[in-house]
Amino acid sequence: MSKAIYAFSGDPITLGHVDVVRKAANVFNKVIVAIGINPDKKYMFSLEERFKMAEHSLRLFRNVEVVSFTGLLVDFAYEQGAEVIVKGVRNTQDFEYEKYLNQLGDSQKLGIETVLLFADPKLAHISSSSVKAIQKEQGLIHEYVSLMVKQNLEKKISGQMIIGVTGEIGVGKSYVCQKLVELGKKQKLKVHHIELDHLAHDIYEKQTEAGYKKIRQKLVNEFGEAVKNQDGTINRKVLGELVFNDQRKLAVLNEIMYTPILVRLRRELYGKKGLILLSAALIAESDMAYLSNNNIILVTADEKIQKERLKKRSLTPEQIKTRLVSQYDFAKKKSSLEKIIKRDDQGKLWVIDSSDNKVEKQLKSFLKEF
């Protein structure tokens, strides 16, 4: 078979749509993805926005072309010289609806056939409306849409642009975030700083909900009674000494804390609008760049200044060395983040040097982009 049409509104395109296109592209020589324009339907995104999101999400398929259309789909297929209209089916309800549309199309006597492609069961629950509903509640959607689409949804629905901030320990991540908040106020730009380490600290010491108490008990079961304070909270200093000296234990800690930190993050993000700075030392190591759609500020500093800052934290030379070797150095962080951005064809990396008197100038230049 030579040419097929696959039509949908793309408001926005989801990974479920992408899966159907992938299957169609394996069967037909050419697949035209048609973004519909229905005057009776209210869209969240403009036609141009829907078109760009679809093009980006389908960019890897060489035999796929994205276009827009109005009117009857069978008329459009006829004009394009397509023999087949492809339909994605997720459930029996979809099947009955597409059967009805097929009968309407047949009534136009244009000889256009309909081919049904069944959705991957792992993606069958995904729809454009469900993705928008999840984003409204600040839920996770990175497994439902591409990161480029996720970024657009965050802007459109939540009014947020999320930027990750990372770097080695002692390079001035918190300082950079604080300066950006201050500069934002001067420019009447809302800038919020959320530090993932502080969310973890709250789980260790402050959160009283039953779910977080279970997490604290899980940490005690894993790392021993020594990490437990008398009131049932976690002794961060003792826990730190244990995990920073053992890569395996650090990995276990990150695995245990991953989900509760994401829950707290959603709570922190809810209702905040503007530029959101999401700082964490291990964004690259923990493959968490997706949280900021691979948009990352990588902070660096002169090694001498970095060590002076660490000494002010009352850390011994041995503790400083242990902390530094427990994470990627600047070069490895930069290389890892660049690879992630290239892999996903999404995101941007800004390098900010916090060790000289040009920090404010660098940050002002950064803020001009928003």
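Condition first: in a helix (DSSP H, G or I), over 20 Å from residue 190 (Cβ atoms) and without any contact (Cβ under 8 Å) to a residue 12 or more places away in the chain. Now tell me which residues in the range 349-370 satisfy that. I'd like the intermediate steps shown before the answer.
Quick first cut of the range 349-370, residues in a helix (DSSP H, G or I) only: 359-367.
Okay, now just the ones that are also over 20 Å from residue 190 (Cβ atoms), so 359, 361-362.
361, 362, listed by residue number.
Taking residues in the range 38-65 that are without any contact (Cβ under 8 Å) to a residue 12 or more places away in the chain, and partners anywhere that are surrounded by 10 or more Cβ atoms within 10 Å (Cβ to Cβ), the pairs with Cβ atoms closer than 6 Å and at least 6 places apart or on different chains are 55/66.
Looking across the range 240-256, the residues that are modelled with pLDDT under 95, touching a helix residue (DSSP H, G or I) at 6+ places or on another chain (Cβ under 7 Å) and of a type in the set (A, V, I, L, M, F, W, C) come down to 242, 243, 244, 250, 252, 253.
Is it fair to say residue 157 is among the β-branched types (Val, Ile, Thr), surrounded by fewer than 22 Cβ atoms within 10 Å (Cβ to Cβ) and modelled with pLDDT of 95 or more? Working first, answer last.
Numbers: among the β-branched types (Val, Ile, Thr): yes; surrounded by fewer than 22 Cβ atoms within 10 Å (Cβ to Cβ): yes; modelled with pLDDT of 95 or more: yes.
Yes: the conditions hold for residue 157.
Note on the range 289-315: among residues that are buried (at least 20 other Cβ atoms within 10 Å of the Cβ) and part of a loop (DSSP other than H, G, I, E, B), the one that is farthest from the chain's Cα centre (by Cα) is 301.
Answer yes or no: is there a residue in the range 266-283 that is in the same structural domain as residue 345 (by TED's automatic domain parsing), crowded, with 18+ Cβ neighbours inside 10 Å and assigned to a helix (DSSP H, G or I). Before you say what the answer is, go through the steps one by one.
At the first step, the residues of the range 266-283 found to be in the same structural domain as residue 345 (by TED's automatic domain parsing) are 266-283.
Subset that is crowded, with 18+ Cβ neighbours inside 10 Å: 268-269, 275-281, 283.
Then drop every residue that is not assigned to a helix (DSSP H, G or I), which leaves 268-269.
Checked against the condition, which is being in the same structural domain as residue 345 (by TED's automatic domain parsing), crowded, with 18+ Cβ neighbours inside 10 Å and assigned to a helix (DSSP H, G or I), the range 266-283 yields at least one hit.
Of all residues in the range 129-143, those that are without any contact (Cβ under 8 Å) to a residue 12 or more places away in the chain have Cβ atoms under 7 Å from Cβ atoms of residues that are buried (at least 17 other Cβ atoms within 10 Å of the Cβ), 6 or more apart or on another chain, in 134/141.
Only one of 286, 336 is of a type in the set (Gly, Ala, Ser), in contact (Cβ under 8 Å) with a residue 12 or more places away in the chain and in a loop (DSSP other than H, G, I, E, B); which? If you could, list the steps in order and put the result at the bottom.
Working: 336 fails: in a loop (DSSP other than H, G, I, E, B).
286 is the lone residue from the list that is of a type in the set (Gly, Ala, Ser), in contact (Cβ under 8 Å) with a residue 12 or more places away in the chain and in a loop (DSSP other than H, G, I, E, B).
So, of the residues in the range 316-355 that are among the acidic types (Asp, Glu) and under 23 Å from the mean Cα position of the chain (by Cα), which turns out to be nearest to residue 242 (Cα to Cα)? By that ranking, first place goes to 338. Just checking: which of the helices (runs of 4 or more DSSP H) contained wholly in the range 150-265 hold 2 or more residues that are within 22 Å of the chain's Cα centre (by Cα) and assigned by TED's automatic domain parsing to the domain that holds residue 326? Counting at least 2 such residues, we get 173-186, 196-205.
The values are calculated or read from the model by the stated rules, or taken from the named source; none is laboratory data. Predicted model, so just to flag it, every value in this text is computed and none were measured. No Cβ is skipped: glycine too gets one built from the backbone with ideal geometry, and neighbour counts run over all protein chains shown.
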